[in-house]
Amino acid sequence: MQGTVQQQYLKAMGVHSYVPRFQLPGALASEQGNFIPASAAVDVPPRQEQQANEVPAGGVARVDKQASAAARAALDIDVSSAAAPARKAEPSKITDAPAAESSAPRFGATLVDTAIGLMFLTDTSEADLSAAEKRLLANIAKAVGRQFAEESTPAFQASTFSWPMPNAGPLVKGRMAQGKAEARDAFTGFLLSHAERWRGSRLVVMGEALEAYIAADHLDRDGLKVIYHSDVRALMNRAQEKAQLWQKLCASFL
């Protein structure tokens with residue numbers, strides 16, 4: 001593009017072009033261009049030129065929105081007749097998310113800490129722990145404390161985990177893999193981080209639904225003993241389940 005035409009385009013768009021007055025250190029010498037002053041290249045009526053150079057009381061100069069007829073004609077585009085440029089296909093940010101979620105496993109879990117090194121992991125995909133179930137876990141922890149940790153007093157806190165991640169937006173869910181392997185890695189990391197924070201040494205996994213998402217070898221290498229047992233609802237209804245769990249807990253301290 002010739003320098004004169006380029007100046008007309010820039011002037012019409014209200015763009016001010018600047019060039020260095022001196023050669024910069026280490027820079028190549030600037031080539032001499034065939035330019036003419038912008039005032040001569042763009043035919044602006046005197047009144048419009050005066051308005052463009054006026055500065056309002058606030059101190060901010062107005063942008064010159066008037067340009068020569070030639071420059072404006074070059075910039076005017078008939079959008080009704082011009083063909084729309086081809087756009088690169090982009091993945092849908094909203095419609096892709098349900099497809100990704102439909103193939104992802106879905107489960108929820110609650111991790112209960114007792115402050116005596118014992119943790120309970122329960123499947124809460126369908127419903128949260130009831131008050132009676134919480135009392136049962138508390139009573140088991142107190143019995144373990146009296147038998148094996150007399151110097152410690154049980155105290156309880158809980159943390160929940162859900163898959164797929166409930167707080168991620170549709171864009172993140174659509175782009176992020178949320179298959180079984182990813183769920184297993186994320187869930188195992190959740191357990192390890194809480195075991196380290198809560199100083200847990202034993203984890204009672206209640207129910208078979210969560211076993212597929214636990215990398216037991218990783219937990220074992222970090223010194224966390226995993227005890228698998230029936231879910232808490234079966235524990236509530238059958239006395240034999242309570243006796244079997246107690247035997248497993250006692251064996252873990254030997």
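See the values below:
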| quantity | calculated |
| --- | --- |
| Listed residue pairs exceeding 18 Å between alpha carbons, taken from Lys134/Lys180; Lys225/Lys248; Lys134/Lys242 | Lys134/Lys180 |
| Inter-label distance for Glu211 and Trp246, nm, one decimal - labels placed 7 Å from Cα along Cα-to-Cβ | 2.4 |
| Packing-based ranking, highest mean first, of 195-203, 154-162 given that Cβ atoms within 10 Å are counted | 195-203, 154-162 |
| Accessible area (Å², 1.4 Å probe, nearest 10) - Arg135 | 140 |
| Whether segment 107-253 is rounded, prolate or oblate, judged on the alpha carbon gyration tensor where a/c under 1.5 counts as rounded | prolate |
| Å² per residue, accessible surface of segment 107-253 at 1.4 Å | 52 |
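The values are calculated or read from the model by the stated rules, or taken from the named source; none is laboratory data. Keep in mind it's a predicted model, so treat the numbers as computed, not measured. Reconstructed Cβ throughout: ideal geometry from the backbone, glycine too, with neighbour counts over all protein chains shown. The protein model used for the area step is the full one, side chains on, heavy atoms only, and it has no ligands, DNA or RNA in it. Shrake-Rupley method; radii C 1.70, N 1.55, O 1.52, S 1.80 Å.
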